[in-house]
Amino acid sequence: MALDNIRLEVMKLLEKKVDSFVDQFLIPVDKIWQPTDFLPDSQNEDTFFDEVKELRELAKELPYDFWVVLVGDTITEEALPTYESWLMDVEGVDQHENGKDNGWAKWVRYWTGEENRHGDVLNKYLYLSGRVDMIEVERTTQHLINDGFDIGTDRDPYKNFVYTSFQELATYISHNRVAKMARKYGNKPLSKMCKIIAGDEMRHHNAYSEFVRNIFEVDPSQMMIAFSDMMKKKIIMPAYFLRESGQAMGSAFEEFSWAAQRIGVYTSQDYVDIMQRLIDRWEIDKIIDLTDEAEKARDFLMKLPARMQRIGERLVIPEDIFEFKWVQPAIVK
Ligand SMILES: [Fe+2]
Ligand SMILES: [Fe+2]
């Protein structure tokens, strides 16, 4: 489907502000945390082995579903090449404009630079913890990148920014809950690591929400329709195609998602809450000058959280733990 020129115009208009978005929502390389800040210092012969030993001892306290969720979260972060290449292809994001990339391409690269640290730190933690089968984790990661994803946004910047606004908040919630849970089990270092990742996700969420807010100001009807279209077909998680080695594409996602619901890291209630937060943040009820079609989209959106809430309440979460190849039950009970 060809996108109308207005979207391109709007993206060009907003592109002028990208440098200020980068300044406002991202942190320069020299100031931001790096994975090494949260991991044993491998150059220090005197402390390294003791630190690793302590990390491994603390890891023994954490239960099975916790590891499954942490692995799934890590793999989702590690599939970053998929998201970067997807966003680079969005209408209005141009890597090769007049011999250099435009502001949006810069945004995507800088955002990727920050995100890349998440998979990096989590992967190293999992490796050192000794609690997970890394070869299986690595195979799943490679599968997920190979399989790509289709999040139903097409190349539409409006839909993509709704998706990222939603998704960054969802990752904020899940990393933050993992942090709380780690703390509950006495694992302060892991808790700090996940908390700082959550902080990044919140900044990113604020950035993408700000892009959408800006678009609402100049193209309210189309933005409203894009928002409602995305909510109508539900936000698909980036790990939707998750699989274990030797299994069919997507076959691991449902059980991963049940594990996250069982331990309360990311639930159907969170989905409803995020939707409501976006509706409130963009003040959907107050937007004026809408076409008839956009008014209908607004009506749909305003009623949706309550509807989804009723559906969510009927959901029965399976109690039994599902055994993944990533986490050996003989090692983690
Ligand atoms: Fe992330
Ligand atoms: Fe993120």
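Taking the Cα atoms only, what angle lies between the long axis of helix 188-218 and the longest principal axis of the chain, rounded to 10 degrees? In the chain, helix 188-218 runs at an angle near 10 degrees to the longest axis.
Under the combined filter of DSSP loop state and at most 10 neighbouring Cβ atoms within 10 Å, segment 1-85 retains these trypsin sites (Lys or Arg not before Pro): Lys16, Lys31.
Distance between the 7 Å Cα→Cβ label points at Leu8 and Glu97: 1.1 nm. If R0 is taken as 45 Å, the Cβ-Cβ distance between Gln276 and Phe49 corresponds to a FRET efficiency of 0.40. A Förster distance of 45 Å, applied to the separation of the beta-carbon atoms of Tyr185 and Lys286, puts the FRET efficiency at 0.55.
From the alpha carbon centroid of segment 166-232 to that of segment 295-310 is 21 Å.
Which whole-number percent is the relative contact order of segment 171-322 (Cα, under 8 Å, 6+ apart)?
Once divided by the residue count of segment 171-322, the mean separation gives 25 percent.
Taking only C-alpha pairs under 8 Å that are 6+ residues apart, what is the relative contact order of the chain in percent? Once normalised by length, the contact order is 23 percent. Straightening the chain between Glu57 and Ser20 buys 8.9 nm, computed as 0.36 nm per residue apart minus the Cα-Cα spacing. Taking the Cα-to-Cβ direction at Asp89 and at Glu293 and moving 7 Å from each Cα, how far apart do the two end points lie in nm? Output for this residue pair reads 2.5 nm. Only helical runs count toward this figure. For the chain, summing -39,500 (n - 2.57) over DSSP H runs of n ≥ 4 and dividing by all residues gives -21500 deg cm²/dmol at 222 nm.
Applying 0.36 nm per residue to the separation of Ser42 and Met134 and subtracting their alpha-carbon distance, the gain on full extension is 31.2 nm.
So, with +1 on the Cβ of K and R and -1 on the Cβ of D and E, and no other charges, what is the size of the charge dipole of segment 3-313 about its Cα centre, to the nearest 20 debye?
Using Cβ point charges on Lys, Arg, Asp and Glu, segment 3-313 gives about 880 debye.
Over the chain, the alpha carbon radius of gyration divided by the compact-protein estimate 2.2 N^0.38 Å works out to 1.03.
The numbers here are math on the coordinates, done by the rules we state, and not lab data. Because the structure is predicted, anything quoted here is derived from the model rather than measured. Ideal geometry is used to build each Cβ from the backbone, glycine not excepted, and the neighbour counts take in all protein chains shown.
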